[in-house]
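The values are calculated or read from the model by the stated rules, or taken from the named source; none is laboratory data. Here the structure is a predicted model, which is why all the values come from computation and not from measurement. Backbone-built Cβ (ideal geometry, glycine too); neighbour counts: all protein chains shown.
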Amino acid sequence: MSIKAFVVLQDVSFRFGDQPILDHVELSLNKGTSYALIGKSGVGKSTLLNLIAGFIQPSQGSITIGGQTVKKSKGSTAFLFQDLGLFPWQTVIEAVMMPLLLKKEKNIESAKEQIISLLKEMELESLKDKYPHELSGGQRQRVAIARSLISKPELLLMDEPTSSLDATTKEHIQQLILAQQQKLKTTLLFVSHDIEEAVFLGETILILNKNGTIQEVKNPYFAQKNAKEQLGFYEACIEIRKLMNMETTVNEHHTKNR
Amino acid sequence: MNIIRKIGSSQLIVGFFSFIVFWELINLLVQTHTIPSPLATFTYLFTILDDLILHSLGSILRVLVAMSISLLIGIPAGIFLGVNKKINRLFSPFLYYIYPIPKVAFLPVFMLLFGLGNMSKIMLIIWIIIFQMILSVRDGVLQIPASHFKVMNSFAASIKQQYRFLIIPAILPQVFSGLRISIGISLASLFFAENYATTYGVGYLIMSAWTKMNYEEMFCGIIVLGFIGLLFFKLLDLLEAHFTPWAAK
């Protein structure tokens, strides 16, 4: 276990009735790093994310975030849901403002400046008075991301953040997520079925196996600091696929652009 | 030309004129004094306008009081059932049993319990619409996606904040549709409620005109009852557009 670890899972198991979903999981995540959690269907990726978020309780073991129990650390963690969870009655600006109102932010003026600046960065400023049903899928995604980031969470959890988007929008959203994560130095853990997404966003790739073991792989594409070690996007995807024993071909649109 | 086009495009005016045409046709076909002509009725209407306003105000007041009390009880009760699964399981069979019973059947009970005055009339209307209100609100709460509650939990929202930012806005469209259904039922039941121990109210006016065989007056009452319904529906539309702007867009 890393000394600097920000999120620590020790001997975590989760059962649904008699059925074990996760068994004796050990995991530690460092602060400010992005992690992609991948694995075959049904291995418990989303369950693991829900456990860290505190939505469900482990049957066994402990989870700490910044040295505190999950319950106490609430408010410093944000969760981006697969279905986004945008409220139909909130305009873009209301949705992004909500986390600050929930935190009872006292300095409203500086909060407003902060919101406007984030909306600009997420290319949402002109849509600030629109309701979710008036937005496209990509725009809704950006609103949900902005809502997650406005309170500058120390830990951002995302469950398949771009699964419902078309290829072009997906790439755009991934770039925005990466830029914000690097700017805010947020610890990012996201679940994905898409290896290309994992390779593009995850500094470290966590492969969850059915027996609950987690294989931690330094993303060869992401190793920006040492250019000699940096693999091309395509090669990195192949590398990760090999580790997962998968032989699916990489989508062309990703390899073309990266 | 623009005014004519505007009038032509107004569904309300078109609807009203279709009703007048239909009425005139029936009058011409049936040729009986029981169905007076629209012209005779409207001419008569202006001669008793003051009385009509008084009767209408009486009816409107009864419906408004009944609806306000139903809202005050129905919204918290519906939310309580929606957020407490065990309580909902316990009380739903009771609601499902009571809901389809014609509540007018309870009129004698209310007369005995609350006397012959306004109280029994208002209580009858409340008894009729409150179940609609409770069920609408409860369903509104039950329809909130689980992910919305997860969003609030992830932001560590307190119970009070969950009500302010999630539950209350989520049930508003259901409250308005519940109110819309309740208006129709309230006005229909008002007719029965205003048939005893009162000398004002549109229900009283219609039945009193019928016993006097004054069919113009009877039809004036029917028309006014329609206008009261229209007034309530339009008022509700305005309130809905104000409080649920996302639904209107």
Using the structure shown, decide if residue A:111 is within 14 Å of chain B (Cβ to nearest Cβ), surrounded by 14 or more Cβ atoms within 10 Å (Cβ to Cβ) and outside any loop (DSSP other than H, G, I, E, B). no
Any idea which of B:87, B:122 is touching a Phe, Trp or Tyr at 6+ places or on another chain (Cβ under 9 Å) and exposed (fewer than 15 other Cβ atoms within 10 Å of the Cβ)? B:87
Tally the residues that are over 16 Å from residue B:60 (Cβ atoms) and surrounded by 14 or more Cβ atoms within 10 Å (Cβ to Cβ), restricting the search to the stretch B:223-249. 5
Determine, yes or no, whether residue A:245 is under 14 Å from residue A:39 (Cα atoms), at pLDDT below 75 and in contact with a strand residue (DSSP E or B) (Cβ under 8 Å, 6 or more places away or on another chain). no
Mind checking which residues of the stretch B:221-249 are in contact (Cβ under 8 Å) with a residue 60 or more places away in the chain, within 14 Å of another protein chain (Cβ to nearest Cβ) and either at positive phi or not in a loop (DSSP other than H, G, I, E, B) (or both)? B:240, B:243, B:247
State whether the residues of the stretch A:123-136 include one that is surrounded by fewer than 17 Cβ atoms within 10 Å (Cβ to Cβ), within 17 Å of residue B:155 (Cβ to Cβ) and more than 10 Å from every other protein chain (Cβ to nearest Cβ). no
In the stretch B:65-118, anything more than 16 Å from residue B:129 (Cα to Cα) and outside any helix (DSSP H, G or I) is listed as B:84, B:115, B:116, B:117
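Under the condition of being more than 19 Å from residue A:36 (Cα to Cα) and not in a loop (DSSP other than H, G, I, E, B), which residue from the stretch A:145-158 is nearest to the other protein chains (Cβ to nearest Cβ)?
Taking the stretch A:145-158 first, the residues more than 19 Å from residue A:36 (Cα to Cα) are A:146-147, A:150-152.
This time we only want the ones that are not in a loop (DSSP other than H, G, I, E, B), so: A:146-147.
Values: A:146: 14, A:147: 8 Å.
Top of the filtered list is A:147.
Can you give me the number of residues within the stretch A:43-58 that are aromatic (Phe, Trp, Tyr) and away from chain B (no Cβ under 11 Å)?
0
Taking the criterion of being within 9 Å of chain B (Cβ to nearest Cβ), over 27 Å from residue A:219 (Cβ atoms) and part of a loop (DSSP other than H, G, I, E, B), would at least one residue in the stretch A:60-73 satisfy it? Before you say what the answer is, go through the steps one by one.
Residues of the stretch A:60-73 within 9 Å of chain B (Cβ to nearest Cβ): none.
For the stretch A:60-73, residues within 9 Å of chain B (Cβ to nearest Cβ), over 27 Å from residue A:219 (Cβ atoms) and part of a loop (DSSP other than H, G, I, E, B): absent.
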Name the single residue, out of those in the stretch A:159-169 being assigned to a helix (DSSP H, G or I) and of a type outside the set (Gly, Ala, Ser), that is nearest to the other protein chains (Cβ to nearest Cβ). A:169
Select the helices (runs of 4 or more DSSP H) contained entirely in the stretch B:142-220, then report the ones holding at least 3 residues which are facing chain A (nearest Cβ under 9 Å) and touching a strand residue (DSSP E or B) at 6+ places or on another chain (Cβ under 8 Å). B:146-154
Which listed residue is buried (at least 23 other Cβ atoms within 10 Å of the Cβ) and in a helix (DSSP H, G or I), from A:190, A:200: A:200
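Every residue, every condition in (1) closer than 14 Å to residue A:155 by Cα; (2) in contact (Cβ under 8 Å) with a residue 12 or more places away in the chain; (3) surrounded by fewer than 19 Cβ atoms within 10 Å (Cβ to Cβ), yes or no:
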{"residue": "A:10", "(1), (2), (3)": "no, yes, yes"}
{"residue": "A:35", "(1), (2), (3)": "yes, yes, no"}
{"residue": "A:45", "(1), (2), (3)": "no, yes, no"}
{"residue": "A:68", "(1), (2), (3)": "yes, no, yes"}
{"residue": "A:78", "(1), (2), (3)": "yes, yes, no"}
{"residue": "A:98", "(1), (2), (3)": "no, yes, no"}
When the stretch A:80-96 is checked residue by residue, the ones that are buried (at least 20 other Cβ atoms within 10 Å of the Cβ), within 7 Å of chain B (Cβ to nearest Cβ) and under 17 Å from the mean Cα position of the chain (by Cα) are A:81, A:85
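Can you tell me which residue is farthest from the chain's Cα centre (by Cα) among those in the stretch B:134-172 that are of a type in the set (Phe, Trp, Tyr) and surrounded by 20 or more Cβ atoms within 10 Å (Cβ to Cβ)? Show your work before the answer.
Restricting attention to the stretch B:134-172, the residues satisfying the condition of being of a type in the set (Phe, Trp, Tyr) are B:149, B:155, B:163, B:165.
Subset that is surrounded by 20 or more Cβ atoms within 10 Å (Cβ to Cβ): B:155, B:165.
Details: B:155: 39, B:165: 28 Å.
Among those residues, the one meeting the criterion is B:155.
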